[in-house]
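The values are calculated or read from the model by the stated rules, or taken from the named source; none is laboratory data. No experiment lies behind these values; they were computed from the predicted model shown. Methodologically, a virtual Cβ is constructed for each residue, glycine included, from the backbone with ideal geometry; neighbour enumeration extends over all protein chains shown. Accessible surface is based on the protein model in full, side chains and every heavy atom, while ligands, DNA and RNA are left aside. Shrake-Rupley method; radii C 1.70, N 1.55, O 1.52, S 1.80 Å.
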Amino acid sequence: MVTLTWLPSALRTNGLADPALEDYLAVTAKAAAEWPLGQGGTKFRLGGEIGWAPDTPRREAVNSGTGEADALSWQASFSFMDVLPDHDFGIVYGRVADGWLLSSDFRPNDELLEARWVWQASKAWQIDARIRRREEIDLPASAAGPRRDDDVYARATWKF
């Protein structure tokens, strides 16, 4: 899939204090493929996404240093479906540029590594678990070091 996102007059390249507005345009390409692994029903799914924005804010505006913010972002996912009956496991790795402003799941200027597990315990119950690390890529000169977030997540969902 290829997408084009255009947000007219939505980008303040020099920050909120500057009234000048530009259009924000982004192009993304996404693909996924799945193959069976052996005869036990396990499948391997490989997915990826790459995006680029020709006009980005200045790094001073997004607090990631000086100069033009980067525009290229990407992620890759490696999933094993039905590792055990109704158990899925996956790994996601991505790098999101400081000038990428569209993702709801990834923060701009972050590198992300995540492992996910899902168990469909029954038609009504699903258990999800995730462990994730996010770390800042480009830092302003005043930063003592990169921000790093490590978190663990678990959720039980009952569908009725």
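For segment 134-160, give me the residue count where each residue is in a loop (DSSP other than H, G, I, E, B) and hydroxyl-bearing (Ser, Thr, Tyr).
The number of residues fulfilling the criteria is 1.
Out of everything in segment 123-133 that is open to solvent by less than 40 Å² (accessible area, probe 1.4 Å) and in a strand (DSSP E or B), what residue ends up being nearest to residue 69 (Cα to Cα)?
My answer is 132.
Do you know which residues across segment 1-35 are open to solvent by 80 Å² or more (accessible area, probe 1.4 Å) and either of a type in the set (A, V, I, L, M, F, W, C) or closer than 13 Å to residue 53 by Cα (or both)?
The answer is 1, 2, 4, 6, 16, 17, 21, 32, 35.
For segment 100-118, enumerate the residues that are crowded, with 17+ Cβ neighbours inside 10 Å and touching a His at 6+ places or on another chain (Cβ under 8 Å).
Answer for segment 100-118, where residues must be crowded, with 17+ Cβ neighbours inside 10 Å and touching a His at 6+ places or on another chain (Cβ under 8 Å): just 118.
Would you pick out the residues in segment 81-93 that are within 25 Å of residue 2 (Cα to Cα) and in contact with a Phe, Trp or Tyr (Cβ under 6 Å, 6 or more places away or on another chain)?
If the condition is that a residue be within 25 Å of residue 2 (Cα to Cα) and in contact with a Phe, Trp or Tyr (Cβ under 6 Å, 6 or more places away or on another chain), then 91 is the only one that fits.
When residue 93 is evaluated against the numbered criteria (1) out of contact with any helix residue (DSSP H, G or I) (no Cβ under 9 Å at 6 or more places or on another chain); (2) in contact (Cβ under 8 Å) with a residue 24 or more places away in the chain, which criterion, by number, is the only one it fails?
(2)
Can you tell me which residues in segment 134-158 are touching a Gly at 6+ places or on another chain (Cβ under 6 Å) and surrounded by 15 or more Cβ atoms within 10 Å (Cβ to Cβ)?
Listed by number, the list holds a single entry, 138.
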